1. Could you give the nm distance between label points at B:THR121 and A:VAL370, where each point is 7 Å from its Cα heading toward the beta carbon?
2. Across chain B, how many lysine pairs separated by 8 or more positions, or lying on different chains, have Cα atoms within less than 17 Å?
3. Please arrange B:ARG80, A:ARG380 by counting, for each residue, the other beta carbons lying within 10 Å of its beta carbon, fewest first.
4. What are the ³J(HN,Hα) values, in whole Hz, obtained from phi via the Karplus relation 6.51 cos²θ - 1.76 cosθ + 1.60 with θ = phi - 60°, for each residue of segment A:76-83 in sequence order, with x given for Gly and Pro?
5. Taking 60 Å as R0, compute the FRET efficiency from the Cβ-Cβ separation of A:TYR297 and B:THR12 and round it to 0.05.
6. Considering every residue in B:36-47, what mean count of other chain Cβ atoms within 10 Å of its Cβ is obtained?
7. Using modelled amide H (1.01 Å from N, peptide plane; none on Pro or chain starts), what sits under 5 Å from the amide H of B:LEU171, excluding residues fewer than 5 places away?
8. Given 10 Å bins starting at zero, what is the percent of C-alpha pairs of segment B:34-210 in each, up to the one with the largest pair distance?
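The numbers here are math on the coordinates, done by the rules we state, and not lab data. Just so it is clear, the structure is predicted and the values come from calculations on it, not from any experiment. With ideal geometry, Cβ positions are generated from the backbone for all residues, glycine too; neighbour counts draw on all protein chains shown.
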Amino acid sequence: MKALINLIEKLEPNFHKGGRFEKLYRTFEAFQTLLYVKGDVTRSGSHIRDAIDMKRTMFHVIIALIPPLLFGIWNVGYQHYKAIGLEVDFIDQVIFGLTKVLPIIIVSYVSGLAVEFMFASARDHEVNEGFLVSGMLIPLVIPVTTPLWMVAVATVFAVVIGKEVFGGTGMNILNPALLARAFLFFAYPAYLSGEVWVYDALQEGQQFVDGYSGATALAVMFSGEGNMPSDFDMFFGFIPGSIGETSTFAILLGAIVLVATGIGSFKIMASVFLGGLFMGWILNIFAVNDFMAMPAYKHLIMGGFAFGAVYMATDPVSASQTNTGKYIYGIMIGVLTVLIRVLNPAYPEGMMLAILFMNVFAPLIDHYVVEANIKKRLKRMKKVRIQTQV
Amino acid sequence: MSEEKNTAPKETLFSPRNKKLLSEPIGKENPITVQVLGICSVLAITVQVRASLVMAISVVAVMGFANVIISLLRHGIPPRIRIIVQLTVIAALVILVDQVLKAFVYDVSRQLSVFVGLIITNCIIMGRLEAFALNNKVWPSFLDGIGNAAGYGSILLLVAAVRELLGAGTLMGYQIIPNFMYQIGYVDNGLMILPPMALITVGVIIWVHRHRDRSLVDVS
């Protein structure tokens, strides 16, 4: 440990002004703060400043992302071997999952950080820590079948158009990770339609088991074909789907970490779930088809609902800031998600669109919450003044 | 925009000032990227280069002649009804252009459909008539019209080239991305065909433009 600190300190002068690698100073600084807390803390950006660097904050989110990530890695292997009808043990499933998921994570980080470093050098600010989380979220919200170059293109698009044009971390209107997914969703719909999300490349001599479709639960519900997985499978996540979104259980573990460390807003998470339940229940009342009649709680464990509610909607930058605003924002996300899922024939999943939509509205919600508060206080002032005059 | 009064008695056809009328709208005073006018048609018809090219030429023709006609009439137009006169002139020219397109490039005309008619409402044309042609002589007005239309057209073509190349792998209908790229897994970007991408492309062009020319950035 000591040796590493010494090494860093010895290297540092090279990166300062006039040093040999002056241009790479921001890159150096990023790695330095990643390993050890530097003397200074974050000065600007999205959060209320306290003693921790923003990078530390982001690390808590990474820790919270570990359960769905690990589960996702295993599930990729599990689904693959299930699809080709082979019985293999746990280790093989994990190894297979690793070989598919790790490249996606590496591509996402490398392409995103490359862009971040470029902008940080050009604009001479610190490397934005926000991407530490975005780079992990992106692989978790896409299907494992997505080609790697598409991941890279989407990541670059999300970082440049979603974040850097607005001025970097803390200035973005939309959640960058979801923007990357939205980009893939609209640019390459064939890969994200929810039809077959299991890694399905067959080697010679292999074939799918009879009756196997690989469709996600939402796609099954949507088309009415295929077998609907049981509630147990959906809650624990033994179903096809995007890498990190299948297991509601693993996501809830992450949610506990987020809430306990005070980084994710419990108000938002709870209100998203409530909003979804509420809308599902209303649709039940007016049900005319199977999808509308589906019990409301099933919406919460299907598709990306839990993942979106816990990791995406709570993004401190793009969510509402005021407390009342958070409830409105969360409930609207839940309601819209279920509405889009059930009533819009074009999109099987509504979580992504609902969150992006409410991201755009978050500042407006905040504005009116603040205005309402000002009005209330003015009224009170007037009352006091009248009383004192009398 | 500063109004230039052409009071000089004799001016050569391509004096520096006149040249500037032609070149400024393409760069520094670009109607789309600097004044942000005429955005609607940029979103609508830039999916293919061919359609954009036809649109650009149409706008050049309409704008050049509309500026000339209004400039010729400028002393006879009562100020109170000048907008309606301008609209009549533009509408007449657009009808002419529409008929020519229908006669010679019918397929593109079909593709552009209502947007040929909507040239009438293109804010750039009305803007130039109001701001320039009503107060200036015929020749400078003509140059101003052509220049602004060219500025509009150049952005149109740029956006269309990006969108067609990435969205369909073609330019002017000819395949550019070679077949082996598709075989190794390249897929055309479907988002490029959707209107939002036109907006984003224009935004990126504005970004680059302002980055290169710092005088465009307002420091308010």
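1. 3.5 nm
2. Close lysine pairs found across chain B: 9.
3. Ascending number of Cβ neighbours within 10 Å: B:ARG80, A:ARG380.
4. Coupling constants for segment A:76-83: 4, x, 4, 5, 5, 5, 5, 5 Hz.
5. The formula returns an efficiency of 0.15 here.
6. What the average comes to for B:36-47 is 0.
7. Distant-sequence amide H within range of B:LEU171: B:ILE176.
8. Cα pair-distance distribution for segment B:34-210, in percent: 10, 34, 31, 17, 6, 2, 0.
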